[in-house]
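Some notes on the structure that comes next.
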Amino acid sequence: QVQLVESGGGLVQAGGSLMLSCAASGNIFSINTMGWYRQAPGKQRELVAAISSGRSTNYADSVKGRFTISRDNAKNTVYLQMNSLKPEDTAVYLCNAGIKPRWNSRYLEVWGQGTLVTVSS
């Protein structure tokens, strides 16, 4: 079994910063792309940022210049540094990764349970 566990969400005032972490655990052989999605009440889930195993990144236009995604392959962990937060960033943030377990030849899409980020105005 493999899993992703997020941490770092919370309540912050507009203009503030938060850093989210997501650690993969279990019998892991390798991890390819890792990413962060978010889902606000009444809205569809959207990609916020993603990072490949080679550390290529892409961002939603709404967060470019404010959010930074990074990863520590030795720790199987992906981070999302969020600066200049806005009320419209309020959402549940979910971690996603393609993980190849040692017991499977295929990559599996794995989701974390989500962490709530609330930005007050």
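Ignoring ligands, DNA and RNA, what percent of the 1.4 Å accessible area of the chain is carbon and sulfur? Looking at the chain in its full context, I get 47 percent from C and S. Net charge of the neighbourhood of Gly26, taken over other residues with C-beta under 13 Å away and scored Lys/Arg +1, Asp/Glu -1, is +2. Accessible surface for Lys86 stands near 80 Å², nearest 10, in the context of the full protein assembly shown (1.4 Å probe).
Maximal additional length on extending the Ser120-Lys100 stretch stands at 3.3 nm, based on 0.36 nm per residue less the C-alpha distance. Annotation for Asn58 and Ala14: the two label points, set 7 Å from Cα along the Cα-Cβ direction, are 3.1 nm apart. The relative contact order of segment 35-121 comes to 26 percent, based on Cα pairs under 8 Å that sit 6 or more residues apart.
Considering only Trp103, Trp36, Trp111, the mean-square fluctuation computed in a Gaussian network model of the chain, springs between alpha carbons under 10 angstrom, is largest for Trp103. About its Cα centre, the chain has a charge dipole of approximately 280 debye under the convention of +1 per Lys or Arg Cβ and -1 per Asp or Glu Cβ, with nothing else charged.
When the charge dipole of the chain is built from unit charges on Cβ atoms (+1 for Lys and Arg, -1 for Asp and Glu) and taken about the Cα centre, the candidate among Cys22, Val117, Gly65 whose Cα reaches farthest toward its positive end is Cys22.
Identify the residues of segment 80-111 with backbone N under 17 Å of a label point that sits 7 angstrom from the Cα of Phe29 along the Cα-to-Cβ direction, or state none. Only 98-110 fall inside the zone, counting backbone N under 17 Å. Most fluctuating residue of Ala24, Ala74, Ala14 in a GNM of the chain with Cα springs under 10 Å: which is it? Top of the fluctuation ranking is Ala74. Near Lys64, which lysines are there with a Cα under 19 Å away, not counting those fewer than 8 places off in the same chain? By straight Cα distance, Lys64 reaches Lys86.
The values are calculated or read from the model by the stated rules, or taken from the named source; none is laboratory data. Here the structure is a predicted model, which is why all the values come from computation and not from measurement. In this analysis, Cβ positions are derived from the backbone assuming ideal geometry, glycine residues included, and neighbour counts consider all displayed protein chains. To get the accessible areas, we keep the full protein, side chains included, count just its heavy atoms, and leave off ligands, DNA and RNA. Shrake-Rupley method; radii C 1.70, N 1.55, O 1.52, S 1.80 Å.
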